[in-house]
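**Q** Have a look at the structure that comes next, please.
The values are calculated or read from the model by the stated rules, or taken from the named source; none is laboratory data. Model, not experiment: these values are computed from the prediction. All Cβ positions, even for glycine, are placed from backbone atoms using ideal geometry, and neighbour counts span all protein chains on display.
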Amino acid sequence: MIDLKEGAPPVEYELTTEQVAALAAAKVVRMGPGPRPGLWKVRDNGYVGAAVIGGVEVRITPKTPIDRVLFLLGYASRPRGWRQEEVNAGEHPDLLPALAHAYALAVDRALRQGVLQGYREVEEALPVVRGRIREADQIRRRYGLPLPVEVRYDDYTVDIAENRLLLAASARLLRLPGIAVSTRKTLRHTIARLAGVTPPVPGQPSPVWRPSRINARYQTALGLAELVLRGASYELDDGTAVRVNGLLVEMWRVFEDFVTVALAEAFRPSGGRTESQDRRHHLDHGRRVLLKPDLVRYVIDSAGKEVPAAVVDSKYKISTGPDGHGADLYQMLAYCTALGLDRGHLVYAEGSAEPYRHVVHGAGIEITQHAIDLTLPPVRLLATVERVAGSILRNDVGR
């Protein structure tokens, strides 16, 4: 087993050639040769969680407390989301057992009032007419025979998308290592309660559901279930997919989602519109160099035209204060130039609480570095985001 901590120095492990090849293909960890053949220096590569890759169990503990990670993941799952006050990681120090525990509690709470039922459209051949006759199918398949009848009808059943999602997530967690015995017991009980629901088919996409008043009591469990099922595979930068028997999350993506969603919610009372990962802007007139800022805020100007008012980019690293991160500053300068803004904002995961401002020589563009302490309790963490949003709103006017 490889046991790592996010952001910690590399640890030496004995690995075979096959294990090294599997780990390198998954890109979950970074590796370098050790002091002798067969010994490798291994460190994290931005992921946290647990998985079995090439016969090696890899556990990566986040540097952020587990309950904060689950809080951040709630923002990553919005607008479906879950109610954070219902998510409890228990005493589990690792992400996978903690997430499984939180999911088991949420699904048990969701099913206490009974299994949700709903209408599902069914198409089948019956000896009697039910619902509507599918005339085209009847002629094509039955060649004029009156029976059986090809019909379409709405069936009131437990076999709906919400229950299929819970069943799929429960079954997957039971197959993963490191889950507590008490959690496994709850998961098996959940599967028994979902009798009559279609089991998941390997390789098929997850069921699609929509939040509503009817499924409100399910939504916390459904948000966690989607997260569990997303952990089944990962798409690498070259577009290839890697199947992973476990659950891993990229913390930089989690932080990016949290910053963009939390800031968008903080901006909402002030009007305007926010766009995440806005791909409509290019650095050059030939539109060959695509820009992808994490968040762009738009407002309506005096001429009634929607224009960019602020640009934000998140960085899952420590703010270095007055020295800044050169590459980050150059990137934000490009965003501001292309969007016609005289101010840009960088939001870091750690650093000085006081924002630092860089005024670009000869351009009149000001770039502000903000830092958010992820170890703060949720209320104080969101208060920090509100302060960052307030700072942006005070200056979100175009050049």
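**Q** Grab the strands (runs of 3 or more DSSP E) fully contained in region 50-161, keeping just those with 3 or more residues being touching a Phe, Trp or Tyr at 6+ places or on another chain (Cβ under 9 Å) and at pLDDT below 85. Explain how you work it out, then say what you get.
**A** Numbers: elements: 56-61, 118-126, 149-157.
Because the criterion is at least 3 residues that are touching a Phe, Trp or Tyr at 6+ places or on another chain (Cβ under 9 Å) and at pLDDT below 85, the strands (runs of 3 or more DSSP E) in region 50-161 that meet it are 118-126, 149-157.
**Q** Find the residue count for region 163-185, including only residues that are of a type in the set (S, T, Y) and more than 16 Å from Y218 (Cβ to Cβ). Give the derivation first.
**A** Taking region 163-185 first, the residues of a type in the set (S, T, Y) are 170, 182-183.
Subset that is more than 16 Å from Y218 (Cβ to Cβ): 182-183.
Going through region 163-185 one residue at a time, the tally reaches 2.
**Q** State whether the residues of region 238-245 include one that is surrounded by fewer than 16 Cβ atoms within 10 Å (Cβ to Cβ), of a type in the set (A, V, I, L, M, F, W, C), in contact with a helix residue (DSSP H, G or I) (Cβ under 7 Å, 6 or more places away or on another chain) and at pLDDT below 90. Break it down into steps so the answer makes sense when it comes.
**A** As a first pass, look at region 238-245 and keep what is surrounded by fewer than 16 Cβ atoms within 10 Å (Cβ to Cβ): 238-243, 245.
Cutting the leftovers down to of a type in the set (A, V, I, L, M, F, W, C) gives us 241-242.
Checking which are in contact with a helix residue (DSSP H, G or I) (Cβ under 7 Å, 6 or more places away or on another chain) leaves us with 242.
Subset that is at pLDDT below 90: 242.
Yes, the conditions are met somewhere in region 238-245.
**Q** Considering only residues that are closer than 30 Å to D3 by Cα, touching a residue at least 60 places away in the same chain (Cβ under 8 Å) and surrounded by 13 or more Cβ atoms within 10 Å (Cβ to Cβ), which ones fall in region 172-219?
**A** Once the filter is applied, which keeps residues that are closer than 30 Å to D3 by Cα, touching a residue at least 60 places away in the same chain (Cβ under 8 Å) and surrounded by 13 or more Cβ atoms within 10 Å (Cβ to Cβ), region 172-219 yields R172, L173, L176, P177, G178, I179, A180, T183, T186, L187.
**Q** Which numbered condition in (1) part of a helix (DSSP H, G or I); (2) in contact (Cβ under 8 Å) with a residue 60 or more places away in the chain; (3) exposed (fewer than 15 other Cβ atoms within 10 Å of the Cβ) is the only one that A169 fails?
**A** Failed condition: (3).
The rows are residues; the columns are (1) within 17 Å of the chain's Cα centre (by Cα); (2) surrounded by 16 or more Cβ atoms within 10 Å (Cβ to Cβ).
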site: G34; (1), (2): no, yes
site: G38; (1), (2): no, no
site: V48; (1), (2): yes, yes
site: G54; (1), (2): no, yes
site: V58; (1), (2): no, yes
site: T61; (1), (2): no, yes
site: T64; (1), (2): yes, yes
site: L70; (1), (2): yes, yes
site: L73; (1), (2): yes, yes
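**Q** Quick one: what pairs do we get from region 16-31, first residue over 16 Å from G246 (Cα atoms), second outside any helix (DSSP H, G or I) and among the aromatic types (F, W, Y), C-beta under 6 Å, 6+ apart or different chains?
**A** Hits for this filter: M31/W40.
**Q** Okay, next question. Within region 150-177, which residues are farther than 17 Å from L229 by Cα and either out of contact with any Leu (no Cβ under 9 Å at 6 or more places or on another chain) or of a type outside the set (V, I, T) (or both)?
**A** E150, R152, Y153, D154, D155, Y156, T157, D159
**Q** Among what's in region 301-329 and is assigned to a loop (DSSP other than H, G, I, E, B) and surrounded by fewer than 14 Cβ atoms within 10 Å (Cβ to Cβ), pick the residue that is modelled with the highest pLDDT.
**A** Let us first name the residues in region 301-329 that are assigned to a loop (DSSP other than H, G, I, E, B), namely 301-305, 319-320, 324-325.
In the following step, the residues that additionally are surrounded by fewer than 14 Cβ atoms within 10 Å (Cβ to Cβ) were identified as 301-305.
Working: D301: 88, S302: 86, A303: 87, G304: 89, K305: 92.
The extreme case among them is K305.
**Q** Continuing with this model, one more query. Filtering region 273-295 down to residues that are in contact (Cβ under 8 Å) with a residue 40 or more places away in the chain and not in a strand (DSSP E or B), which residue is nearest to D257 (Cα to Cα)?
**A** First, the residues of region 273-295 that are in contact (Cβ under 8 Å) with a residue 40 or more places away in the chain: 281-283, 291, 293.
Pick out the ones that are also not in a strand (DSSP E or B) and you get 283, 293.
Details: L283: 24, P293: 12 Å.
For region 273-295, the residue satisfying everything is P293.
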